[in-house]
Amino acid sequence: MLPSSDDLEALHARVKQAAAALKKVGGAEVTKTGTKETLAGIARDWLKLSPSLRQSNVCDGAVLDSYDEDMQALLSRTTTRARASALRKRLERFSAKAVDQVIVPLIQFEGSPRQVAARQVQAAFPSNLEPEESLYIEEAARCLTVQAFRAAIIMLWAAGVARMHRAIVNRGFNAFNAAIDSCVAKKGAPFNKVKEGAKIASLPELQRSRDADVLIVGLELFQYDLQTFQELDRLLGTRNDAAHPGQFQPNALDVQQFAQKISLHVFQAVGL
């Protein structure tokens with residue numbers, strides 16, 4: 001995930017503080033374990049942030065290469081004998097130029113409409129997300145920033161299905177199968193679309209279940225109403241339009257609205 005400008009500013013402040021402390025030591029060898037750990041922490045944190053900055057094209061890749069080189073060398077030298085002046089040299093370029101070369105471009109990037117829309121998509125969802133759900137939503141946000149709107153819709157639907165599967169597992173496969181029996185017994189639409197063969201006994205079988213069947217069974221299992229089912233059915237149709245060849249051309253607003261509806265009709269309507 002792309003770091004925030006606040007993250008980068010905090011790292012820059014740590015670099016400046018560390019460089020100032022090394023300057024006081026002068027050309028002497030750094031022997032304090034705490035100092036070496038601080039420098040190693042700075043190097044590791046930058047090297048963790050750098051790939052996402054590179055992937056998003058926020059700033060010049062050559063600039064990132066130069067900072068990566070400095071931080072890799074800094075990390076390496078914290079495990080050996082090194083003079084403070086040599087370690088400080090590896091911090092100076094970042095200390096002097098990172099604001100203009102990285103932080104300011106990142107602030108400008110954060111203010112772009114695509115980034116604002118991506119943050120709004122993520123903000124549409126509750127905080128009690130499972131890691132799998134979070135990954136789908138984060139991927140949808142990334143897709144939105146590069147205008148891959150159809151892919152964003154697919155990822156958001158995947159997040160919703162992951163939540164429904166989680167809820168089914170929590171209730172148990174017997175409860176799911178009992179809900180199928182109830183649907184089959186009702187005969188009328190939309191229940192008549194569910195067949196006896198939709199019953200499951202394991203998570204892999206659930207993962208192979210048709211999304212359309214899960215939505216219908218949800219009327220019985222999750223006790224949401226017909227209007228919620230109809231909205232979910234429309235969302236599934238939108239997801240299918242996004243996944244299959246055709247002239248469907250959603251925009252950023254369509255993605256945002258899709259996210260809001262998935263949050264409302266799945267994450268809020270389907271209790272765990």
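The values are calculated or read from the model by the stated rules, or taken from the named source; none is laboratory data. Since the structure is predicted, the reported quantities are computational estimates derived from the model, not experimental observations. FYI the Cβ positions are ideal-geometry reconstructions off the backbone, even for glycines, and counts take in every protein chain you see.
General remarks:
- Some residue of the stretch 196-210 being within 25 Å of the chain's Cα centre (by Cα), in contact (Cβ under 8 Å) with a residue 60 or more places away in the chain and in the same structural domain as S263 (by TED's automatic domain parsing): no
- If you go through the stretch 68-111 and keep only what is surrounded by fewer than 18 Cβ atoms within 10 Å (Cβ to Cβ), within 21 Å of the chain's Cα centre (by Cα) and in contact (Cβ under 8 Å) with a residue 12 or more places away in the chain, you end up with I107, E110.
- I200 being surrounded by 16 or more Cβ atoms within 10 Å (Cβ to Cβ) and closer than 23 Å to G237 by Cα: no
- Scan the stretch 232-272 for residues that are of a type in the set (G, A, S), crowded, with 16+ Cβ neighbours inside 10 Å and modelled with pLDDT of 95 or more and the total you get is 3.
- Every listed requirement among (1) part of a helix (DSSP H, G or I); (2) in contact with a strand residue (DSSP E or B) (Cβ under 8 Å, 6 or more places away or on another chain) is met by D100 save one, (2).
- Comparison of F258, F248 shows that the only residue that is under 24 Å from the mean Cα position of the chain (by Cα), aromatic (F, W, Y) and within 21 Å of L156 (Cβ to Cβ) is F258.
- Flag for R239 being part of a helix (DSSP H, G or I), among the basic types (K, R) and out of contact with any Phe, Trp or Tyr (no Cβ under 6 Å at 6 or more places or on another chain): no
- Looking across the stretch 117-129 at every residue that is part of a loop (DSSP other than H, G, I, E, B) and touching a helix residue (DSSP H, G or I) at 6+ places or on another chain (Cβ under 6 Å), the one that is modelled with the lowest pLDDT is identified as P126.
- Qualifying residue in the stretch 12-25 (condition: surrounded by 14 or more Cβ atoms within 10 Å (Cβ to Cβ), touching a Lys or Arg at 6+ places or on another chain (Cβ under 6 Å) and of a type in the set (G, A, S)): yes
- Applying the criterion of being assigned to a loop (DSSP other than H, G, I, E, B) and in contact with a Leu (Cβ under 7 Å, 6 or more places away or on another chain) to the residues of the stretch 59-84, the residue that is farthest from L2 (Cα to Cα) is T78.
- Among the conditions (1) in a helix (DSSP H, G or I); (2) in contact with a Leu (Cβ under 6 Å, 6 or more places away or on another chain); (3) closer than 22 Å to T145 by Cα, P51 misses just one, which is (2).
Here's the yes/no breakdown for (1) within 30 Å of the chain's Cα centre (by Cα); (2) surrounded by 13 or more Cβ atoms within 10 Å (Cβ to Cβ):
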| residue | (1), (2) |
| --- | --- |
| A167 | yes, yes |
| G172 | yes, no |
| A179 | no, yes |
| N192 | no, no |
| V214 | yes, yes |
| T228 | yes, yes |
